[in-house]
Amino acid sequence: MDCRRKYEILSKIIEISSATSQINERLTQAAHFLCVNDLAPTVAFYLQQRRGRRLTLRIAADSAGSLQLPAPPYSHRLPSPDYPLCKPLTTLLPNPLDPELLNPDDLFMKQQPYGWSLPLADDSQAYGTMVLLGSTPFNIDNDTILFLLVICRQITIALRSSILKNRDRLKVRRLKFLHQIGAQLNAREDVQSVFSQLSDSALTLFSNSAAILNIFESEQFLPESIDQGFSDNEQRKLVLQASRHQASRAKFISKPLVIDQNNAQPSSTIYQNFFSQFCAHIILPLISQGRMVGTLEFFLTDKPRSRDLLPLEKEDLELLEILAVHLAATLERTRTQNQLSAANQTSILRTRQLTLSHQMKNALLAADTPDKIIRLTLGALVSDEGFTCSPALYLEFQEKDNSWHGLFYASAPGRAPNESEHQNESNHLDALTNRLLEASAQVPKQLQQEFKALKLVTFDTAPNRCRQAVNGKKPAMIPAEFVTVLHTKLRSLLPGKKVVVIPILSHEHPKGLILANADRISQEDLSYITLFTDAATLALDNTELYQRLQSSLASLNSAQLRLSQSEKLMALGEMATSIAHEIKNPLVSIAGFARRLHKKIPDQSREKTYSQIITKEIERLEEIVNNVLSFSRPQSNKFEPQDLNQLVAETAALFARELKKLEIDLEIQLTPDMAAVECDGNQMKQVLINLFNNSIQAISSKSTGNDHHISVRTSYYCDLKKQKEKALIEIEDNGKGIQEQFIHDIFNPFFTTKHDGTGLGLPICHRIILNHQGDIRIHNREGKGVMVSVSLPFNHKALAGPTALNILT
């Protein structure tokens, strides 16, 4: 080949290699041009791919058509450097091809050609070989070989230029990717949304892999994990196993960690199964301010494009490190924002709780009953304005059987405060009180009934944590299962995972217990709840003290009223006694002369009737004077064992004729063998006589009905207050009864509703019974009759005081 022709061929090759078209198109033109100019029957370009691990038939041109080459691109694993086709890659010298030598069948199908393999290489790297092939042997002289090496050099320049352009494009894509990630991270507050878009990237590293993002909130808890890109659950299971296997190791790395089949632990069965579907496990530590905030893990699928990435080049690792820095900074920023937001929310909550506590103090001061204080406390606990511990319940302690009974149940009220309630300060306290009371008022009836039936016998068998919380003096938060185990109904009444236990004490003794849901509060809230419940406990003590003071004041006023009444009655009695003494002496003289005149007047005369009237009226005056004197003078009692049955029978005998005349039936029921009672027999007979007289007069004044009867009974009576057995006498009639407005005055001296009464009968009976340390009770049925019951102790104690009077209407 002469120099002119070589010049023309080389000029054309330079023109082709310097063109702006794609490299494959330029290689095709070069191969075809070389075949046409008879440099060889067949020209092929074998290029190294996948980072030198594969040899690919990129372009082939056959002018004779005698060789059956595979259709390009045809790729195979790189043969041994000793093979003739590959030898120029290492020696950078042309190498002849001989069918006699062993060549891989898959490179040239089954036909073994003759030819030459020339290197496509520069001073830094070998890119492949240009192969001249033919079906028959052919030789090339040294000048031609040198000429071909110049052609190879020119084609190498084109290859290198194409590779550099591709790398520049890849760098641009990476920069765009980092810019896009940075913009998204700056625009968004959460890193999760950015993580979910990594698979949409044009970069092969992210588009052909599954990924897991682990966010470390704190060292005490498991990380929050987000995953994507898994084709099925089995693949996801393999990845999670590999991730957990490297979890402890990942916390101590500072650079990206790549685990593939070359550096995986051979003894790990996890990775033996893992590499059946994946070719690499990449772990990126997310470090911010020297602290591990999370890890980003990629799992490259076992596909050709993914395998081509391994081993990762420096540029790939740098890209991953920059991505890790961006994500770590965003996680740290997000964590800081969350902390600030949480601190702000906590500050708002604390302000709201303190405001409510202040308002509740005023509401508690205005509460006048313990029940209202407890309901206000429950309302504040469950309200969204307060501690959001909904629902809550109050158990009242019963000392008599040492048990706890359900009293109040509250849940968060559905009505929120409106602006008018906040603006009107004068009604704000009333509105708050009504709103909090609604929490325990708007409870479904069935739920309220179930809660009212709740009873806890004791906490002695409760779990230790529950028992300690109940016996403590401050609120405590414990798992719900330690409380709900006490009663099956508590599980439905207190849904949730945590319960706050609030003991309500009164003078260091248990008064009640509040149980409330604690899922939405923290340990820090307990100090504010303590301030609030201490105020409620103080309000309960103050209310109890106030009620005692009110009771004492009422008793004092009653005693003062009785004292004033006694003084008036004493003065009236002294005056009446003085008048009775002054009247008695002339009245005796008048009575004597009147009776003497009455005897001397003839029976048929009109004067006889007049004298009889005078005599009866004098007898009535004498009775009044005697009663007044009897009521005013001190009595000397003679207490001896008496048979009450005999006293009743003797008294009934005195009225037998009068009862028969008035057609009143007398029924006597006496308890046989009744024990003797220590009493003054005469005085007790006087009491019975007065009570018989009252019954007879009540029946006589009744204008309707013909069935008149009086019943007298004796029996045993047990006084539950004093836990002592007494004797009981009951006298019952079916008269007209006592009018309701007079019932409280019947034992007052000189009070009477009869036109001819003295008003001293029942007061005398009352005083006698009190001196006997007994009770007299009036059971009134207006329009139907009265039953008087008298109870007396069997043994009289000289030093004991009288008992109180009881009147039952």
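The values are calculated or read from the model by the stated rules, or taken from the named source; none is laboratory data. This one's a predicted model, so the numbers in the text were calculated from it and none came from an experiment. Because the Cβ atoms are built from the backbone with ideal geometry, glycine has one as well, and the counts that use them run over all protein chains shown. Each accessible area value is taken on the protein alone, full model and side chains, heavy atoms only, with ligands, DNA and RNA left out. Shrake-Rupley method; radii C 1.70, N 1.55, O 1.52, S 1.80 Å.
May I ask you to list pairs of residues, at least six apart or on different chains, whose Cβ atoms are under 9 Å apart, with the first in the range 728-747 being at positive phi and modelled with pLDDT under 90 and the second being part of a loop (DSSP other than H, G, I, E, B) and open to solvent by less than 50 Å² (accessible area, probe 1.4 Å)?
Short answer, once both residue conditions are applied: G737/G783.
Against the definition (in a helix (DSSP H, G or I), open to solvent by less than 30 Å² (accessible area, probe 1.4 Å) and closer than 18 Å to I23 by Cβ), how does I145 come out, yes or no?
When the stated conditions are applied, I145 does not pass them.
Does G496 satisfy being under 23 Å from D534 (Cα atoms) and surrounded by fewer than 19 Cβ atoms within 10 Å (Cβ to Cβ)?
No.
So that you can scan it fast, the table gives a plain yes or no per residue for (1) farther than 25 Å from I746 by Cα; (2) outside the structural domain of L762 (by TED's automatic domain parsing); (3) modelled with pLDDT of 90 or more:
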site: Q646; (1), (2), (3): yes, no, yes
site: A656; (1), (2), (3): yes, no, no
site: L670; (1), (2), (3): yes, no, yes
site: D680; (1), (2), (3): no, no, no
site: Q683; (1), (2), (3): no, no, no
site: I689; (1), (2), (3): no, no, no
site: S703; (1), (2), (3): no, no, no
site: D707; (1), (2), (3): yes, no, no
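Can you name the condition, by its number, that S161 falls short on among (1) at pLDDT 85 or above; (2) crowded, with 16+ Cβ neighbours inside 10 Å; (3) small (G, A, S)?
(2)
Being part of a strand (DSSP E or B), open to solvent by less than 30 Å² (accessible area, probe 1.4 Å) and at pLDDT below 85 is the filter here, so list the residues in the range 216-273 that pass it.
Within the range 216-273, D260 is the sole residue that qualifies.
Quick one: in the range 283-321, which of the residues that are touching a Leu at 6+ places or on another chain (Cβ under 6 Å) and in a helix (DSSP H, G or I) is farthest from K176 (Cα to Cα)?
So, considering only residues that are touching a Leu at 6+ places or on another chain (Cβ under 6 Å) and in a helix (DSSP H, G or I), the one farthest from K176 (Cα to Cα) is S306.
Six or more apart or on different chains, Cβ atoms under 9 Å: show the pairs whose first residue is in the range 352-379 and of a type in the set (S, T, Y) and whose second is part of a helix (DSSP H, G or I) and open to solvent by 70 Å² or more (accessible area, probe 1.4 Å).
S357/L531; T369/Q547
Would you call S66 open to solvent by less than 60 Å² (accessible area, probe 1.4 Å) and modelled with pLDDT of 85 or more?
It is false that S66 is open to solvent by less than 60 Å² (accessible area, probe 1.4 Å) and modelled with pLDDT of 85 or more.
Please list, ordered by first then second residue, the pairs with beta carbon atoms under 6 Å, 6 or more apart or interchain, first in the range 478-503 and polar (S, T, N, Q), second open to solvent by less than 10 Å² (accessible area, probe 1.4 Å).
Final answer for the pair search is T484/L490.
In the range 428-463, what residues are within 21 Å of the chain's Cα centre (by Cα) and more than 21 Å from K489 (Cβ to Cβ)?
R435, L436, L437, E438
Among the candidates S605, S589, S695, which residue alone is outside the structural domain of G761 (by TED's automatic domain parsing) and open to solvent by less than 50 Å² (accessible area, probe 1.4 Å)?
S605
Go through (1) exposed (fewer than 10 other Cβ atoms within 10 Å of the Cβ); (2) under 30 Å from I348 (Cα atoms) and name the single condition T537 misses.
(1)
Within the range 19-45, how many residues are over 15 Å from T144 (Cα atoms), open to solvent by 80 Å² or more (accessible area, probe 1.4 Å) and in a loop (DSSP other than H, G, I, E, B)?
Within the range 19-45, residues that are over 15 Å from T144 (Cα atoms), open to solvent by 80 Å² or more (accessible area, probe 1.4 Å) and in a loop (DSSP other than H, G, I, E, B) number 2.
Which residue pairs have Cβ atoms under 8 Å apart, sit 6 or more places apart or on different chains, and have a first residue in the range 112-135 that is open to solvent by 40 Å² or more (accessible area, probe 1.4 Å) and a second that is basic (K, R)?
Listed by first residue and then by second, the contacts come to Q125/R160.
Take the conditions among the hydrophobic types (A, V, I, L, M, F, W, C), assigned to a loop (DSSP other than H, G, I, E, B) and at pLDDT below 80 and apply them to L356. Does it pass?
For L356, the condition - among the hydrophobic types (A, V, I, L, M, F, W, C), assigned to a loop (DSSP other than H, G, I, E, B) and at pLDDT below 80 - is not met.
Inspect all residues belonging to the range 284-295 and state whether any of them is touching a residue at least 24 places away in the same chain (Cβ under 8 Å), open to solvent by less than 70 Å² (accessible area, probe 1.4 Å) and over 30 Å from T336 (Cα atoms).
There is no residue in the range 284-295 that is touching a residue at least 24 places away in the same chain (Cβ under 8 Å), open to solvent by less than 70 Å² (accessible area, probe 1.4 Å) and over 30 Å from T336 (Cα atoms).
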